[in-house]
Amino acid sequence: MATLQYHAFGGLEVVGPAGHLDLGTRKQRALLAVLLLEEGRTVSVDRLVDDVWGGAPPQRAEASLHAYVSTLRRALEPDRAPRQQAQVLVRRGAGYALLVGPQDVDFRRFSRLVDQARRRLDAGDLPGAAADLDDALGSYAPLLPDFEGEPWCEPDRVRLARLHRAAVRLSYDVRLQRGDHRLLEPELRAAALADPLDEELWAMLAIALYRSGRQGDALQAVADCKRALADQLGVDPGPRLRRLEVDLLAQAPALVVVEAPTAAAVPAQRHQPADAAVASPAARADVPGGDHPTVGRVHELQTLVSVVDRAVDRQHAVAVVEAEAGAGKTHLLTAASTYAEEHGAQVVWGRCSHGAGAPALWPWVQVAGALRVGHEPAADPADPALATLLAPGAQTPPGPADAATDPSASFRQSEALVQLVHRVARCGPLVLVVDDLHWADDASLSLLEHLGARLPPGTALLVGLRPPTAHAARPLAEALGALARSRHHERIALEPLPLEGVARVVEQETGVQPDEATASAIHARTGGNAFFVREVARLLHRTGRLTGGDTTVDVGSEVPRSVLDVVRARLASLPADCVDLLRLAAVSGRDVDLRVLAAAAGDTLASTYERLGPAVDDGVLVSHPQRAGWWRFAHDLVRDAVISTTAPLSAPRLHLQVADAFAAVHPDSAVEPLAFHLWSAGPLADPERTAGALLAAAQAALAKNAHTAAQQHLELAAGVARSAQLDALELQALTALAAVASARVGYAGGDPEWFTRGEQLARRLDRPRDVGHLLYARWAAASQSLRLDESARCVEALREYVDGRADPVLHLYAALASGIDHWDRGRIGEAHRCLQRATAIAAAHADLVRGDVMRFDLELLLPAFVGIVQALHGEVDAARATLAGLERGAVGDPYRTVLWAQFGAITESLVGDVDRALATARRGLQADPDGSFPFLGTLILVEYWWAVALLAMRDGAPDAAAEAAHACHELEQVVTDIRHTGTLTGEPGNLALLAEALLVSGRLDDADGALAQARASMERHGQRADEPLVLLVQARLQRARGEPAQAVLATIGAARTLAEQREAHLFVRQADALAAELDAPDAAASTPLATA
């Protein structure tokens, strides 16, 4: 397919090989414009409706929107086959995205050219920068004037106008340096008169006049600027203009233009303007970077500064800085933070920690605590969802936590932090810095993803990490992908320092300016890694080789290994007792609590501080920027180097010393570090103590909804307990693991060994409730995977175990499992009786249910399945009443709302009430606009698109056929997506709904194919709850194809007989109604089964 060119400058246009495309009505064009501005990010249907209709959508706005999408798809991909998946305007979740390359969009190409010009300017390539700027400025025009005044367009219009202004300034800078001052003077004068308060323009004008031999006019230009500032603002000029005035009077040599060499002549030279104080935006006095942390990082720092400026301007933005270890990402983030603080922003850091028992959600613990300081009236410390972050170290008693089985707890916690950020940001600009994201636990990444989608105005989010590998963990990749979808997102990759950057770092680190040969040798050996450069410079300077021409360093070829070698060489010069203490400190973590270190060393605070003195003097340790009495290793690589000098047999002893110290110094708050160090101490630690500490650490993680971290702690606890034959502790760990698995990935994602081993231990220890819980978990894992033979054996084992026991919760487990098992097999009457029995037990023993580890299965899954089975049993009003109760209990809880909507929409689709199904599905999608619960959200889309297709054909709108076709396409994709997740339960019903939607759209062969897949699924897996529905849709398909009435009636009869045998009275009534339709041929073509 030929590439299209998208134009937004000067008006919306799309141009192909044959000329301009017809983009349709204004609203259809607005839809395309909104998606184009999002640069490939997903836009929810709700937001598209609001933007296209200006906040006042008509009743069928969503239907019209889908029709616009279909029309645009035909225009943008005219060669796409009817059933081929769209490649340009694509569906993602509950929204759409426009996938267009940046080179094919004029405003994105403009931004890229300006960015490229800055890089060329930094590299000294003046001709290249000039060419890029000429191309960029020549293409610019006001953004989308045909949509002027639309709120969705205004932020980008302002942003690009500012970028255009910056590009004009940059072009002035380039032309000044190329010696074009005479031709440039009139333009600069006009620009300065148009904006008389802009000191930079006046400064450039003064320089141009001076270089034209007009010193007096240059001084007059400075005077004019001073007068304008005094008259209009009552202020004096800034230091840059004052310095320029002095230089003009002194006829400073730096003001004389020097023709810059080309980039080809000096490839490694970084650009330095003739007057660095005024000539280039990259050298602004208010941008930090005068010392080595930002050497060679001018452009990168400017990008971060622009992100911070958005927060200062009451907008929001995200920046991600990627760099190898030692390349300087933290220094760069620090420089941007300094700039932010100087411009009135509050800066809050959250640093992820590697190993050493870092608590789960550690970066957000730091952020929440810092945000609360100074904002007590805004932050409610009583908020239970936020309390776990504000008091992360509180000791929690061992045992099951509600968080283990509450899927919505994590959402509530994330939302509480988001609201805290919103409250603080209302008080002034806020910059959140999350560093070392590559070490973040899954819960921290999930919270970052949630916050990134909900950043309030006036907030900048800066993230630092090492470049993810091709095999990066999925949570990290998903979090970065979510941040990339932010409307204002920058991604910065730090390259190695160039040669002159290395020379400047060496000079600033040692005070010695290296000659070219020395700088080249260091550059070659360090690969331009900033940290490595500093370490090599220190080593060479200390040994007198920096100025002696001998720059040999005994290092390997890989930078990380080389860094370790160099740092170890530095450590060799420290006193032995200092190095011993550093080894103990390194074991405790990168951040070192002096009190813990002293206790671990069996020394006093004063003596410990004295022994660390040489390490502090040498820069191995630095004072902690946020914690009094704490120290930090200067870099993670320094700590790694220290650890590498520790003998393997000594490490367990050091970990035990640190564990004892944590227990003594922080007896109530160091739960997770204590567990880590005890486990690391191996056989030197008491296994009962270690297992208990790991269980407590799991509880602490669960209290923060960090399920992955909790699972890791519990698996270690189970292993330690099993090795030491501590049956009770092992059972406690395995029981908790089953609960955690259900919340994280469903029971099917748990290790079967947990359930079987746990059941054996529970029986041996005579723990009936635990036996019942683990048998239930075994059944649920088999049921969710549609291993129905195995699930039947589990149900039978559970019923046999419960028989004769008095515990009502055990009987509740058995009744719920039996009811769902009967539903799986299509035995609706049996399912109804079992679930009614379960409901009665739950109502009579509500206090026991609330305190049980399975409370969320019993409180949510039970009524949800009761509602579906009641409807199938023919009790539609009772089903709706049951689900209405579930809805009332979901108020304020997005997860419960989404779960209610999922089961409610399924029920209405079975009943055949298309309007109710659509309204219910829409409620669920609106409750989770950010996709925090992707599994349930995807399932809801089945009923949503089914209802859209049927309503389009029922209401007979002018574009009904296109709308129904679009809905069918989306529904086909959703069914495919669900299958790819490995979820099998409910597949026949989903395929039956797809077949019905295809049928009413006239795609009879495709409908037949979907029904064939449904039958194959039932045969393969045995889930037959929807078997009568499949037969009834088959009968309607036969009729639509004109098959004999006798054949149609035979299929209807088979469906009715099956439904009657299974007590699925809803399908019995639908079969009777469908049979009656044979006398009214026009009524059945597009009528849902239950409303026929």
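Within the range 35-57, residues that are more than 17 Å from residue 88 (Cα to Cα) sit with their Cβ atoms under 6 Å from residues that are aromatic (Phe, Trp, Tyr), at 6+ positions apart or across chains, in these pairs: 51/152.
What number of residues in the range 738-776 are crowded, with 24+ Cβ neighbours inside 10 Å, among the aliphatic types (A, V, I, L, M) and modelled with pLDDT under 90? Adding up the residues that qualify gives 4. Among the helices (runs of 4 or more DSSP H) confined to the range 788-856, the ones with at least 1 residues that are touching a residue at least 12 places away in the same chain (Cβ under 8 Å) and either of a type in the set (Gly, Ala, Ser) or more than 24 Å from residue 741 (Cα to Cα) (or both) are located at 788-802, 808-824, 828-844. Across the range 815-829, which residue is surrounded by the fewest Cβ atoms within 10 Å (Cβ to Cβ) among those that are among the aliphatic types (A, V, I, L, M) and more than 39 Å from the chain's Cα centre (by Cα)? Of everything passing the filter in the range 815-829, 815 is surrounded by the fewest Cβ atoms within 10 Å (Cβ to Cβ).
Yes/no per residue for (1) in a helix (DSSP H, G or I); (2) of a type outside the set (Phe, Trp, Tyr); (3) in contact with a strand residue (DSSP E or B) (Cβ under 6 Å, 6 or more places away or on another chain); (4) not assigned by TED's automatic domain parsing to the domain that holds residue 305:
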| site | (1), (2), (3), (4) |
| --- | --- |
| 456 | no, yes, no, no |
| 463 | no, yes, yes, no |
| 482 | yes, yes, no, no |
| 509 | yes, yes, no, yes |
| 519 | yes, yes, no, yes |
| 533 | yes, yes, no, yes |
| 537 | yes, yes, no, yes |
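Under the condition of being of a type outside the set (Val, Ile, Thr), within 28 Å of residue 161 (Cβ to Cβ) and assigned to a loop (DSSP other than H, G, I, E, B), the residues counted in the range 69-115 number 2.
Counting the residues of the range 646-658 that are in contact with a helix residue (DSSP H, G or I) (Cβ under 6 Å, 6 or more places away or on another chain) and touching a residue at least 60 places away in the same chain (Cβ under 8 Å) gives 5. Restrict the check to the range 1001-1017 and report whether at least one residue is in contact with a Pro (Cβ under 6 Å, 6 or more places away or on another chain) and in contact (Cβ under 8 Å) with a residue 24 or more places away in the chain. Yes, the conditions are met somewhere in the range 1001-1017.
The condition of being in contact with a Phe, Trp or Tyr (Cβ under 9 Å, 6 or more places away or on another chain), surrounded by 17 or more Cβ atoms within 10 Å (Cβ to Cβ) and over 23 Å from residue 145 (Cα atoms) holds for only one of 69, 45, that being 45. Scanning the range 524-539 for residues that are crowded, with 23+ Cβ neighbours inside 10 Å, under 37 Å from the mean Cα position of the chain (by Cα) and free of Cβ contacts under 8 Å to residues at least 60 places away in the same chain, we see that the one that is farthest from residue 634 (Cα to Cα) is 526. Residue 124 fulfils the conditions (1) touching a residue at least 24 places away in the same chain (Cβ under 8 Å); (2) outside any loop (DSSP other than H, G, I, E, B) except for a single criterion, (2). Cβ-Cβ distances below 6 Å connect the following pairs, each with a first residue in the range 711-732 that is under 17 Å from residue 750 (Cβ atoms), a second residue that is of a type in the set (D, E, K, R) and surrounded by fewer than 21 Cβ atoms within 10 Å (Cβ to Cβ), and a separation of six or more residues or different chains: 730/722. Looking only at residues that are part of a loop (DSSP other than H, G, I, E, B) and either modelled with pLDDT of 80 or more or not small (Gly, Ala, Ser) (or both) in the range 1055-1092, which one is farthest from residue 1044 (Cα to Cα)? Once the filter is applied, the top-ranked residue is 1063.
Condition check ((1) under 24 Å from residue 159 (Cβ atoms); (2) among the hydrophobic types (A, V, I, L, M, F, W, C)) across all residues:
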{"position": "11", "(1), (2)": "yes, no"}
{"position": "25", "(1), (2)": "no, no"}
{"position": "28", "(1), (2)": "no, no"}
{"position": "32", "(1), (2)": "yes, yes"}
{"position": "43", "(1), (2)": "yes, yes"}
{"position": "51", "(1), (2)": "yes, no"}
{"position": "66", "(1), (2)": "no, no"}
{"position": "75", "(1), (2)": "no, yes"}
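Can you confirm whether the range 619-638 contains a residue that is outside the structural domain of residue 334 (by TED's automatic domain parsing), in contact (Cβ under 8 Å) with a residue 60 or more places away in the chain and more than 24 Å from residue 337 (Cβ to Cβ)? So far as the range 619-638 goes, no, none of its residues is outside the structural domain of residue 334 (by TED's automatic domain parsing), in contact (Cβ under 8 Å) with a residue 60 or more places away in the chain and more than 24 Å from residue 337 (Cβ to Cβ). Note on the range 947-1001: residues that are touching a His at 6+ places or on another chain (Cβ under 6 Å) and modelled with pLDDT of 90 or more total 0. Only residues that are of a type in the set (S, T, N, Q) and modelled with pLDDT of 75 or more were counted in the range 527-543, giving 1. Take residue 412 and decide whether it is closer than 21 Å to residue 311 by Cβ, outside the structural domain of residue 35 (by TED's automatic domain parsing), touching a residue at least 60 places away in the same chain (Cβ under 8 Å) and among the charged types (D, E, K, R). In short, no. When we screen 41, 47 for residues that are under 26 Å from the mean Cα position of the chain (by Cα), assigned to a loop (DSSP other than H, G, I, E, B) and closer than 20 Å to residue 925 by Cβ, the only hit is 41. Residues considered: 155, 127. Of these, the only one that is surrounded by fewer than 21 Cβ atoms within 10 Å (Cβ to Cβ) and within 29 Å of the chain's Cα centre (by Cα) is 155. Residues in the range 866-913 that are among the small types (Gly, Ala, Ser) and buried (at least 24 other Cβ atoms within 10 Å of the Cβ) were compared, and the one that is nearest to residue 946 (Cα to Cα) is 909. Might you let me know whether the range 507-523 holds any residue that is buried (at least 22 other Cβ atoms within 10 Å of the Cβ), modelled with pLDDT under 90 and hydroxyl-bearing (Ser, Thr, Tyr)? Yes, there is a match, as at least one residue in the range 507-523 is buried (at least 22 other Cβ atoms within 10 Å of the Cβ), modelled with pLDDT under 90 and hydroxyl-bearing (Ser, Thr, Tyr). Is it the case, given these coordinates, that residue 79 is out of contact with any strand residue (DSSP E or B) (no Cβ under 6 Å at 6 or more places or on another chain), surrounded by fewer than 17 Cβ atoms within 10 Å (Cβ to Cβ) and acidic (Asp, Glu)? Yes: the conditions hold for residue 79.
Look at the range 659-683: where a residue is under 22 Å from residue 704 (Cβ atoms) and in contact (Cβ under 8 Å) with a residue 24 or more places away in the chain and a partner is crowded, with 22+ Cβ neighbours inside 10 Å and of a type in the set (Phe, Trp, Tyr), sitting 6+ places away or on another chain with Cβ atoms under 8 Å, you get 670/662; 673/662; 674/662; 677/662.
Taking the stated definitions as given, is residue 421 over 15 Å from the mean Cα position of the chain (by Cα) and either in a helix (DSSP H, G or I) or in the same structural domain as residue 41 (by TED's automatic domain parsing) (or both)? Judged against the criteria, residue 421 is a match.
The values are calculated or read from the model by the stated rules, or taken from the named source; none is laboratory data. None of the values given here were measured: they were computed from a predicted structure. In this analysis, Cβ positions are derived from the backbone assuming ideal geometry, glycine residues included, and neighbour counts consider all displayed protein chains.
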